[in-house]
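Quick notes on the structure that follows.
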Amino acid sequence: MNRITNAKRIVCKVGTSTLTYENGKLNLRRLEELCKVLSDLQNSGREIVLVSSGAIAVGMGKLGMTRRPEEKEKRQALAAVGQCELMFMYDKLFEEYNNTVAQVLLTADNVYSGQSRENIENTFRELIGMGIIPVVNENDTVGTDELSGQHIGDNDTLSAIVATLAQADLLVIFTDIDALYDDNPKTNPNARRIPRVTEITDEIRALAGGAGTNRGTGGMATKVHAAEITMRENIPCCVIGGDTPAKLYDLLDGADMGTLFAAPGADE
């Protein structure tokens, strides 16, 4: 576990279900704890990058909407409203612990284009070097599939891309399911946690829930895909429960939790 416990530059991804209640309103207690933990780790000498979902859900909550609209244009408008609210809260809460944040919004056109990708890498390097915590999200307001013929699609994938762009030592994905299981733990109380994955096989993809199936275990398919990206770059990826952000301390202390995705020897 040396690669985990000694990780200096850590990308943390937090999802909508962790940040908000079912009505879309921000879960302030959890958000405050997340910012406190990440600030404390930053203060200890580690370097933190936060990839945050939640813009559309927060926009819905702020406007009193209970159903996610099907129209792309409306979702983009909600993302614009919600992103303001999210960054206001992040700025306020991180500032309470004397840490500065910077907003970084990315699209597929940015991360897959040679010059733009280099510019992003330079920006991450400078922000981190200045002791600033980048808060990253996909730019849902302008991002579309047609921009470059490629699409990020979800923030799990985005977090893996950010981990490579920022040359991170570790990616941690907080989720509402605390690990990858051999069956759906929501319906099978005897489902067993898979503590470590050293190769993404068809069997692992099936456990996570592939396209066109109903066997998803808490949205694990996109997390496994993210792990595939980081494993190719020799960056360990840990999936842990997001209900208690302080679990991150335990993970970095070497506790056996969640699921570690790492090529053989990558965490040693």
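Quick note: the coordinates plus some simple rules give every number you see, no bench work behind them. Since we're looking at a predicted model, the values are computed, not measured. When we count neighbours, we look across all protein chains shown, and the Cβ atoms used for this are built from the backbone with ideal geometry, even at glycine.
Observations, loosely collected:
- Beta-bridge orientation, region 2-261: approximately 15 percent antiparallel, per DSSP, counting only bridges with both partners inside.
- The chain, dipole about Cα centre (Lys/Arg Cβ +1, Asp/Glu Cβ -1), debye to the nearest 20: 420
- For ILE200, the shell of other residues with beta-carbons less than 10 Å away shows a net charge of -2, using +1 for Lys and Arg and -1 for Asp and Glu.
- Residues whose amide H lies under 5 Å from that of LYS13, counting only those 5 or more places away or on a different chain, are VAL51, VAL172, ILE173, PHE174; hydrogens are built 1.01 Å from N in the peptide plane.
- Only the Cβ atoms of Lys and Arg (+1) and of Asp and Glu (-1) were treated as charged; on that basis the dipole of region 1-128 about its Cα centre amounts to roughly 360 debye.
- Each of THR18, THR244, THR230 was scored by other Cβ atoms within 10 Å of its Cβ. Arranged with the fewest first, they read THR244, THR18, THR230.
- Candidates ALA255, ALA221, ALA108: whichever shows maximal mean-square fluctuation once the chain is modelled as a Gaussian network with Cα springs under 10 Å: ALA255
- Vicinal HN-Hα couplings computed from phi for region 105-116 (Karplus, 6.51 cos²θ - 1.76 cosθ + 1.60; Hz; Gly/Pro x): 10, 10, 10, 4, 4, 6, 7, 9, 9, x, 5, 5
- When the pairs LYS36/LYS186; LYS25/LYS223; LYS72/LYS92; LYS74/LYS223; LYS13/LYS74; LYS8/LYS36 are compared against a 20 Å limit on Cα-Cα distance, LYS36/LYS186; LYS25/LYS223; LYS72/LYS92; LYS74/LYS223; LYS13/LYS74 fall above it.
- Estimated vicinal HN-Hα couplings, Hz - region 47-54 in sequence order (Karplus 6.51, -1.76, 1.60; Gly, Pro = x): 10, 10, 10, 10, 9, 10, 7, x
- Per-residue Cβ neighbour rank within 10 angstrom, fewest leading, MET87, MET220, MET60: MET87, MET60, MET220
- Ranking of SER17, SER44, SER53 by count of other Cβ atoms within 10 Å, fewest first: SER44, SER17, SER53
- Neighbour cut-off at most 12 other Cβ (10 Å), DSSP loop, trypsin sites (Lys or Arg not before Pro), region 45-91: ARG67
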